[in-house]
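Participant: Dumping the structure here so I can ask a few things about it.
Every number here is computed from the coordinates shown, using simple stated rules; none is lab data. Note that the coordinates shown come from a computational prediction; the quantities given were computed from them, not determined experimentally. Glycine gets a Cβ as well: all are built from the backbone with ideal geometry, and neighbour counts include every protein chain shown.
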Amino acid sequence: MHTCPRCDLKKAETVSKSPVEGAWEVYQCQHCFFTWRSSEPETITNPATYNPAFKIDPSEVETAVHVPAIPKRKI
């Protein structure tokens, strides 16, 4: 398990690996569903340097029922 940069819980699992051994891995938090690649900058992968404006309180995940609508695509 890995620590989620967004909610700080140790509930992130490896969900995919690069076909090139060791190039990258994809992780997903099983609590808040945040997903990231190991090859992203430390400001995304490291909980200590993840932007605090985007952090979430893990206790609020279950009550976060509002899902924003996807705007219509302008062609």
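Participant: How do the peptides 15-27, 56-68 rank, highest first, by the average count of neighbouring beta carbon atoms within 10 Å per residue?
Facilitator: Values: 15-27: 11.5, 56-68: 9.2.
Put in order of decreasing packing, that is 15-27, 56-68.
Participant: Also, I was wondering about something else. K17: which lysines have alpha carbons under 30 Å from its alpha carbon, excluding same-chain residues fewer than 8 sequence positions away?
Facilitator: K55
Participant: Give the shape of the chain as rounded, prolate or oblate, defined through the alpha-carbon gyration tensor: a ≥ b ≥ c are the square roots of its eigenvalues, a/c under 1.5 means rounded, and otherwise the shape is prolate if a/b is larger than b/c and oblate if not. List each step's numbers first, then the result.
Facilitator: Working: a/c = 1.81, a/b = 1.25, b/c = 1.45.
It is oblate, given that a/c is not under 1.5 and a/b is not larger than b/c.
Participant: How large is the charge dipole for region 1-64, taken about the Cα centre, if only the Cβ atoms of Lys, Arg (+1) and Asp, Glu (-1) carry charge, to the nearest 20 debye?
Facilitator: On the way: 6 positive and 9 negative charges, 10 e Å.
Value, rounded to 20: 40 debye.
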